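I have a structure here, written as structure tokens, and I will follow up with some questions on it.
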Ligand SMILES: *Cc1c(COP(=O)(O)O)cnc(C)c1O
């Protein structure tokens, strides 16, 4: 049986969170002499610590309750907070499936938590037989599942994920940074079925706001309360909240950009497959393509010479580079550069 309190670190359970000046008075009109702010200026006031307006927009967009939403300074903040809430440094463990997003590793190392990496199968799927025995380890507190996965671009099998959710008494974090590009259904719909499920999404990719640093976590109210308890009081600036609020208020533009990226991805995939130096283009449900080439490290640096920057993923998947889908003119430049390398 999953018991949330039993996996929360003792110091976090005992923690008296910082009570910010704006926790006590909820109104917006008043004479605010409580927070030692400067009375002059336009960005002089501390932002809403709980991002109420943004959460209410996201709640209706995603069909969840505001109390099930946490907003972080990028989803990277959510990952770090999860380690700090659930993993006792030098004692507890986390697990993920490789190759995947590099931040789980970095964040685990910063928090002195050992991260077990189970290789995905040849078709980049979870090997259930390899994970199942590990789920009983009482020191294992978090499992990270990135779906659609970075850098492979595929979604991970629903059955394999459900098996983990059902058989693991720790937290399962499904990182859906690329879900808006994918035809697959989000795990948000399962939030009420699994008390150990956390879903992460971000404004950095499909919403086009990587510079603003706004990440989302969706989970039970109890998990959200823990994230709120541990976060820095004003973790999302007023500028960032406004940028995200503006984006979610203009979903027509969002849809239009998504369609364009999808069309461009298909065109790019077809064009890449015709090149002699391309061995294979993996199917992708994200806004990037994992491309196997004849020599990734050489082609990667030849592209840099032509001022085209891709991601050399040779160390993760042999001879693969990861290419983000750009504008039509950027994609054309990439193809021209690759043809130059071929000739
Ligand atoms: C890009 C990306 C993110 C985004 O992180 P932010 O901190 O929100 O910018 C999260 N997870 C994965 C797998 C990514 O590729």
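Might you let me know whether the range 74-84 holds any residue that is farther than 21 Å from residue 137 by Cβ, in a loop (DSSP other than H, G, I, E, B) and in contact with a helix residue (DSSP H, G or I) (Cβ under 9 Å, 6 or more places away or on another chain)?
Residues of the range 74-84 that are farther than 21 Å from residue 137 by Cβ, as a first pass: 74-78, 80-81.
Applying the additional criterion that residues be in a loop (DSSP other than H, G, I, E, B) yields 74.
Okay, now just the ones that are also in contact with a helix residue (DSSP H, G or I) (Cβ under 9 Å, 6 or more places away or on another chain), so 74.
Yes - at least one qualifying residue is present in the range 74-84.
Would you please name the residue that is nearest to the ligand (Cβ to nearest atom), looking only at residues in the range 229-260 that are more than 24 Å from residue 180 (Cα to Cα) and under 18 Å from the mean Cα position of the chain (by Cα)?
Looking only at the range 229-260, we keep the residues that are more than 24 Å from residue 180 (Cα to Cα), and these are 229-235, 237-238.
Remaining after also requiring under 18 Å from the mean Cα position of the chain (by Cα): 231, 235.
On the way: 231: 14, 235: 12 Å.
Per the criteria, the residue is 235.
To continue, here is another question. Quick check: is even one residue across the range 314-325 in a loop (DSSP other than H, G, I, E, B), outside the structural domain of residue 105 (by TED's automatic domain parsing), in contact (Cβ under 8 Å) with a residue 24 or more places away in the chain and more than 21 Å from residue 146 (Cβ to Cβ)?
Yes, the range 314-325 contains at least one residue that is in a loop (DSSP other than H, G, I, E, B), outside the structural domain of residue 105 (by TED's automatic domain parsing), in contact (Cβ under 8 Å) with a residue 24 or more places away in the chain and more than 21 Å from residue 146 (Cβ to Cβ).
On to the next question. Within the range 140-164, how many residues are crowded, with 20+ Cβ neighbours inside 10 Å and either assigned to a helix (DSSP H, G or I) or without any contact (Cβ under 8 Å) to a residue 12 or more places away in the chain (or both)?
The number of residues fulfilling the criteria is 2.
For the range 202-221, state whether one or more residues are over 21 Å from residue 22 (Cβ atoms), assigned to a helix (DSSP H, G or I) and away from the ligand (no atom under 16 Å from the Cβ).
no
Only one of (1) surrounded by 13 or more Cβ atoms within 10 Å (Cβ to Cβ); (2) touching a helix residue (DSSP H, G or I) at 6+ places or on another chain (Cβ under 8 Å) is not met by residue 242, so which one is it?
(2)
Would you confirm whether any residue within the range 120-139 is away from the ligand (no atom under 16 Å from the Cβ), in a strand (DSSP E or B), under 17 Å from residue 161 (Cβ atoms) and in the same structural domain as residue 81 (by TED's automatic domain parsing)?
No, there is no match, as no residue in the range 120-139 is away from the ligand (no atom under 16 Å from the Cβ), in a strand (DSSP E or B), under 17 Å from residue 161 (Cβ atoms) and in the same structural domain as residue 81 (by TED's automatic domain parsing).
With the requirement that a residue be in contact with a strand residue (DSSP E or B) (Cβ under 8 Å, 6 or more places away or on another chain) and within 16 Å of the ligand (Cβ to nearest atom), what does the range 76-94 give you?
76, 77, 78, 79, 81, 82, 83, 94 - these are the residues of the range 76-94 that are in contact with a strand residue (DSSP E or B) (Cβ under 8 Å, 6 or more places away or on another chain) and within 16 Å of the ligand (Cβ to nearest atom).
Report, by residue number, each residue of the range 289-312 that is in contact (Cβ under 8 Å) with a residue 40 or more places away in the chain and either in contact with a helix residue (DSSP H, G or I) (Cβ under 7 Å, 6 or more places away or on another chain) or more than 18 Å from residue 149 (Cβ to Cβ) (or both).
Step one: filter the range 289-312 for residues in contact (Cβ under 8 Å) with a residue 40 or more places away in the chain, giving 289-290, 299, 311.
Those that are in contact (Cβ under 8 Å) with a residue 40 or more places away in the chain and either in contact with a helix residue (DSSP H, G or I) (Cβ under 7 Å, 6 or more places away or on another chain) or more than 18 Å from residue 149 (Cβ to Cβ) (or both): 289, 299.
I'd like to know if the range 173-196 contains one or more residues that are farther than 30 Å from residue 266 by Cα, assigned to a strand (DSSP E or B) and more than 10 Å from the ligand (Cβ to nearest atom).
no
If you go through the range 27-52, how many residues are more than 15 Å from residue 215 (Cα to Cα), in contact (Cβ under 8 Å) with a residue 60 or more places away in the chain and surrounded by 14 or more Cβ atoms within 10 Å (Cβ to Cβ)?
So the answer is 4.
Right, something else. Hey, can you tell me all the residues within the range 101-116 that are more than 14 Å from the ligand (Cβ to nearest atom), surrounded by 15 or more Cβ atoms within 10 Å (Cβ to Cβ) and not in a loop (DSSP other than H, G, I, E, B)? Please lay out each step first, then the result.
At the first step, the residues of the range 101-116 found to be more than 14 Å from the ligand (Cβ to nearest atom) are 108-116.
With the extra rule that they be surrounded by 15 or more Cβ atoms within 10 Å (Cβ to Cβ), the set shrinks to 108, 111, 113-116.
Passing the criteria: 108, 114, 115, 116.
Moving to a separate point now. For the condition without any contact (Cβ under 8 Å) to a residue 40 or more places away in the chain and either in the same structural domain as residue 226 (by TED's automatic domain parsing) or within 26 Å of residue 234 (Cα to Cα) (or both), what is the one hit in 115, 81, 95? Reasoning before the result, please.
Working: 81 fails: without any contact (Cβ under 8 Å) to a residue 40 or more places away in the chain; 95 fails: without any contact (Cβ under 8 Å) to a residue 40 or more places away in the chain.
Only one candidate qualifies: 115.
To keep it simple, each residue is scored yes or no on (1) crowded, with 22+ Cβ neighbours inside 10 Å; (2) modelled with pLDDT of 95 or more; (3) closer than 14 Å to residue 200 by Cα.
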| site | (1), (2), (3) |
| --- | --- |
| 60 | no, yes, no |
| 67 | no, yes, no |
| 72 | yes, yes, yes |
| 79 | yes, yes, yes |
| 91 | no, yes, no |
| 95 | yes, yes, no |
| 99 | no, yes, no |
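Let me confirm something: among 43, 16, which residue is part of a loop (DSSP other than H, G, I, E, B), more than 23 Å from residue 230 (Cβ to Cβ) and over 26 Å from the mean Cα position of the chain (by Cα)?
Values: 16 fails: more than 23 Å from residue 230 (Cβ to Cβ).
Of 43, 16, the one residue that is part of a loop (DSSP other than H, G, I, E, B), more than 23 Å from residue 230 (Cβ to Cβ) and over 26 Å from the mean Cα position of the chain (by Cα) is 43.
Quick check on residue 24: is it without any contact (Cβ under 8 Å) to a residue 12 or more places away in the chain and surrounded by 13 or more Cβ atoms within 10 Å (Cβ to Cβ)? First the steps, then the outcome.
On the way: without any contact (Cβ under 8 Å) to a residue 12 or more places away in the chain: yes; surrounded by 13 or more Cβ atoms within 10 Å (Cβ to Cβ): no.
The answer is no for residue 24.
The values are calculated or read from the model by the stated rules, or taken from the named source; none is laboratory data. Just so it is clear, the structure is predicted and the values come from calculations on it, not from any experiment. Heads up, the Cβs are rebuilt from the backbone with ideal geometry, glycines too, and the neighbour counts pull from every protein chain shown.
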